[in-house]
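Inspection log for the structure reproduced underneath, given as structure tokens.
The values are calculated or read from the model by the stated rules, or taken from the named source; none is laboratory data. Keep in mind it's a predicted model, so treat the numbers as computed, not measured. With ideal geometry, Cβ positions are generated from the backbone for all residues, glycine too; neighbour counts draw on all protein chains shown.
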């Protein structure tokens with residue numbers, strides 16, 4: 001889409017802070033879909049997310065994966081934290097931020113900051129795996145800081161073996177992978193997006 005949603009103007013979702021986390025995320029998905037004038041079927045088709053899955057998410061049933069939010073954000077010109085933070089634009093992730101499960105990675109949203117770029121901070125856990133997880137490509141830059149364990153991370157053609165305390169950054173628009181063959185790995189994953197850009201091509 002050619003236009004981006006004005007983050008600092010106009011109405012924002014009216015949310016019940018006491019509602020379950022999945023319900024609040026579902027309210028935001030539905031609100032942004034309706035703001036774009038898309039039917040449930042049309043968003044499902046464009047994002048490649050099953051209509052039944054999307055309907056369940058909007059109804060507060062289940063917990064979306066990070067890949068589902070990336071797919072929805074691609075169509076709605078949003079980044080994942082737009083669905084995860086109050087009003088889709090707050091620096092505060094709000095109470096009881098649930099983990100976004102797999103496949104191959106569990107991510108917990110920590111914070112969002114906006115300036116010349118949009119910064120999203122996640123705590124990510126990679127389970128031990130026999131094969132690497134190949135991530136979606138997206139705009140901007142990924143910043144990795146390993147907290148525990150060791151993992152092979154980075155561009156698919158030249159990943160780096162990181163151990164506790166080491167860091168790495170690489171362009172998100174190149175094919176990249178994560179692989180933790182020796183055991184569970186925990187890291188900070190910071191997504192840096194250009195201001196006003198959606199997350200995925």
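A few remarks follow.
- Residues of region 106-150 that are part of a loop (DSSP other than H, G, I, E, B) and either surrounded by fewer than 16 Cβ atoms within 10 Å (Cβ to Cβ) or more than 16 Å from the chain's Cα centre (by Cα) (or both): 115, 116, 127, 128, 129, 130, 131, 132, 136, 137, 149.
- Any hit, region 149-172, residues being without any contact (Cβ under 8 Å) to a residue 60 or more places away in the chain, under 22 Å from residue 47 (Cα atoms) and not assigned by TED's automatic domain parsing to the domain that holds residue 68: yes
- Among the residues of region 151-165, those that are surrounded by 15 or more Cβ atoms within 10 Å (Cβ to Cβ) and over 20 Å from the mean Cα position of the chain (by Cα) comprise 151, 152, 159, 162.
- One residue from 97, 79 being under 28 Å from residue 179 (Cα atoms) and modelled with pLDDT of 80 or more: 79
- The residue list 84, 72 contains one member that is at pLDDT 85 or above, crowded, with 22+ Cβ neighbours inside 10 Å and in contact with a strand residue (DSSP E or B) (Cβ under 6 Å, 6 or more places away or on another chain), which is 84.
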